[in-house]
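Below you'll find the structure, written out as structure tokens, and then a few comments.
The values are calculated or read from the model by the stated rules, or taken from the named source; none is laboratory data. All values reported here derive from a predicted model rather than from experimental measurement. Note: ideal-geometry Cβ built from the backbone for every residue, glycine included; neighbour counts use all protein chains shown.
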Amino acid sequence: MLENIIVFVLASLIGAEVISKVPQTLHTPLMSGSNAISGITIVGALLVAGMVGGVAAKWIGVAALVVATINVVGGFMVTDRMLQMFKKRKAPEQK
């Protein structure tokens with residue numbers, strides 16, 4: 001248990017350090033891409049929700065599934081919005 005907490009804390013510190021070094025111009029594309037790719041957490045949440053015996057663990061798995069789904073959908077929405085900025089706009093028709 002203590003090892004897991006140590007790994008979590010170290011990973012959080014390293015992740016915060018890495019993210020703080022990303023330039024502003026790359027932040028949104030990288031975050032939207034990583035959120036979309038993080039769909040693998042949905043698989044993990046499904047495994048936790050479906051394969052554990054305790055009621056509390058099942059609820060934690062369901063909560064993880066909901067949060068992971070929101071994360072993935074949000075990632076796709078940000079990516080779509082970003083791609084819409086690069087589409088050519090139709091010129092307004094003149095009379």
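When the range 77-95 is filtered for residues that are modelled with pLDDT under 80 and assigned to a helix (DSSP H, G or I), the ones remaining, listed by number, are V78, T79, M82, L83. Examine the range 7-28 for a residue that is surrounded by 12 or more Cβ atoms within 10 Å (Cβ to Cβ) and either at pLDDT 85 or above or not β-branched (V, I, T) (or both), and state whether such a residue exists. No. Only one of the numbered conditions (1) out of contact with any helix residue (DSSP H, G or I) (no Cβ under 7 Å at 6 or more places or on another chain); (2) surrounded by 13 or more Cβ atoms within 10 Å (Cβ to Cβ); (3) of a type outside the set (S, T, N, Q) is not met by G50, and that is (2). Residues G39, G44: which one is at pLDDT below 85, closer than 18 Å to G75 by Cβ and touching a helix residue (DSSP H, G or I) at 6+ places or on another chain (Cβ under 6 Å)? G39 is the lone residue from the list that is at pLDDT below 85, closer than 18 Å to G75 by Cβ and touching a helix residue (DSSP H, G or I) at 6+ places or on another chain (Cβ under 6 Å). Of the listed requirements (1) free of Cβ contacts under 8 Å to residues at least 12 places away in the same chain; (2) more than 12 Å from the chain's Cα centre (by Cα); (3) surrounded by 10 or more Cβ atoms within 10 Å (Cβ to Cβ), K88 misses just one: (3).
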